[in-house]
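Here's the structure, in structure tokens; my notes come after.
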């Protein structure tokens, strides 16, 4: 299948390596062109870890070029890149294509749907609850893929295109997708923002000083308790909407194949593996700059709609804003363009 990947970071490179390995024709597009310059000059994409090989994805000179022959389009940019990338892609998307968000953040699928509606285009949009691959980009032409997730939730806009959207996801990435009804379930299935908040907040000086530290080894019992309490707030929001979503424990079990148990025990088991990931070594990390404005802030909006108090989520946004000297709530450039949220637009039960 011909696939356009919009993005050139760790997730885009991990997806590209996986898709190339499995025989797909992949074109990468970087909005700035800087991150793909080495690949454009002819260097292979070198993947290590859960995906191993040297691959030759094509590098598109423009978004229009990337989309021209694509049957599927994978959006693999951080939350703060969604709006400019979607603005660039929307004029060229076609109804016969399928767009896959890996992963979906800040209800961006609704924003893209609104852009396409203005053109009279009905491109199916598959929103994934989290990324297919995890890992780190280690060089302009290299990526370490830490894992390929065994199970991911997916919802498709519009509902009538669900069968087609999920078929394309499975054709690209294999039989690892669990269909969910509605975008709200996907929005409340992304655990990265709450997990990364606890990890970053409790290890912030390590990040700021550029220390090398094992991420799972530093999810100590105290940090694990914070993550579990944040998770309880997320689960309460889902319950208020009449939804059931995976717990943090189920997420770790299905994503990383560790036995179910207290989170501290699960992360300790991960820390013993040779593939354990390192934590961020800079304050300029997506754990904060992406996940706070485009993960926690939308969750707080959904909590308000559901009438559920989320003091830890709200405190996390305020604490990180104070620590960084930034107003992270104001940095979300997707939510203001959606207008007031309603149960109807989110496909919530009842």
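Name the helices (runs of 4 or more DSSP H) wholly within the range 264-334 that hold at least 2 residues that are exposed (fewer than 15 other Cβ atoms within 10 Å of the Cβ)? Even if it seems obvious, please write down each step before you answer.
Working: elements: 286-289, 297-306, 311-324.
Where helices (runs of 4 or more DSSP H) fall fully within the range 264-334 and carry at least 2 residues being exposed (fewer than 15 other Cβ atoms within 10 Å of the Cβ), they are 311-324.
A single member of 26, 77 is more than 22 Å from residue 191 (Cα to Cα) and touching a strand residue (DSSP E or B) at 6+ places or on another chain (Cβ under 7 Å), and it is 26. For residues in the range 311-320 being under 22 Å from the mean Cα position of the chain (by Cα) and touching a residue at least 24 places away in the same chain (Cβ under 8 Å), which is nearest to residue 198 (Cα to Cα)? Checking each candidate, the answer is 316. Of the set (1) more than 22 Å from the chain's Cα centre (by Cα); (2) closer than 23 Å to residue 309 by Cβ, all apply to residue 185 but (1). Screening residue 162 on (1) closer than 19 Å to residue 245 by Cβ; (2) under 18 Å from the mean Cα position of the chain (by Cα) shows it passes everything except condition (2). Scanning the range 163-176 for residues that are closer than 18 Å to residue 75 by Cβ and modelled with pLDDT under 95 gives no hits.
Going residue by residue through the range 180-187, is there one that turns out to be surrounded by 16 or more Cβ atoms within 10 Å (Cβ to Cβ) and at positive phi? If you could, list the steps in order and put the result at the bottom.
Step one: of the range 180-187, the residues surrounded by 16 or more Cβ atoms within 10 Å (Cβ to Cβ) are 180, 182-187.
Next, from what is left, pick out any that are at positive phi: 182.
Among the residues of the range 180-187, at least one is surrounded by 16 or more Cβ atoms within 10 Å (Cβ to Cβ) and at positive phi, which makes the answer yes.
Does residue 243 meet the test of being under 15 Å from residue 189 (Cβ atoms) and either at pLDDT 95 or above or touching a helix residue (DSSP H, G or I) at 6+ places or on another chain (Cβ under 9 Å) (or both)? So residue 243 fits the description; yes. Of the helices (runs of 4 or more DSSP H) lying entirely inside the range 113-227, the ones with 1 or more residues being assigned by TED's automatic domain parsing to the domain that holds residue 281, closer than 19 Å to residue 256 by Cβ and touching a residue at least 24 places away in the same chain (Cβ under 8 Å) are found at 192-202. Close Cβ contacts (under 6 Å, 6 or more residues apart or on different chains) running from residues in the range 51-71 that are touching a residue at least 40 places away in the same chain (Cβ under 8 Å) to residues that are part of a loop (DSSP other than H, G, I, E, B) comprise 66/60; 71/1.
Yes/no per residue for (1) at pLDDT below 95; (2) surrounded by 19 or more Cβ atoms within 10 Å (Cβ to Cβ); (3) not in a helix (DSSP H, G or I):
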site: 14; (1), (2), (3): no, yes, no
site: 17; (1), (2), (3): no, yes, no
site: 23; (1), (2), (3): no, no, yes
site: 26; (1), (2), (3): no, yes, yes
site: 31; (1), (2), (3): yes, no, yes
site: 43; (1), (2), (3): no, no, yes
site: 51; (1), (2), (3): no, yes, yes
site: 66; (1), (2), (3): no, yes, no
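Of the residues making up the range 97-112, those that are free of Cβ contacts under 8 Å to residues at least 60 places away in the same chain and within 23 Å of residue 17 (Cα to Cα) are 97, 99, 101. Exactly one residue among 88, 70 is part of a loop (DSSP other than H, G, I, E, B) and under 21 Å from residue 115 (Cβ atoms), and that residue is 70.
Does residue 242 meet the test of being surrounded by fewer than 17 Cβ atoms within 10 Å (Cβ to Cβ), assigned by TED's automatic domain parsing to the domain that holds residue 331, without any contact (Cβ under 8 Å) to a residue 24 or more places away in the chain and not in a helix (DSSP H, G or I)?
On the way: surrounded by fewer than 17 Cβ atoms within 10 Å (Cβ to Cβ): yes; assigned by TED's automatic domain parsing to the domain that holds residue 331: yes; without any contact (Cβ under 8 Å) to a residue 24 or more places away in the chain: no; not in a helix (DSSP H, G or I): yes.
No: the conditions fail for residue 242.
Tell me whether the range 223-241 contains one or more residues that are more than 26 Å from residue 319 (Cβ to Cβ) and touching a strand residue (DSSP E or B) at 6+ places or on another chain (Cβ under 6 Å). No; the residues of the range 223-241 include none that is more than 26 Å from residue 319 (Cβ to Cβ) and touching a strand residue (DSSP E or B) at 6+ places or on another chain (Cβ under 6 Å).
The values are calculated or read from the model by the stated rules, or taken from the named source; none is laboratory data. Quantities reported herein were computed from a predicted structural model and do not represent experimental measurements. Neighbour counts run over all protein chains shown; Cβ positions are idealised from the backbone, glycine included.
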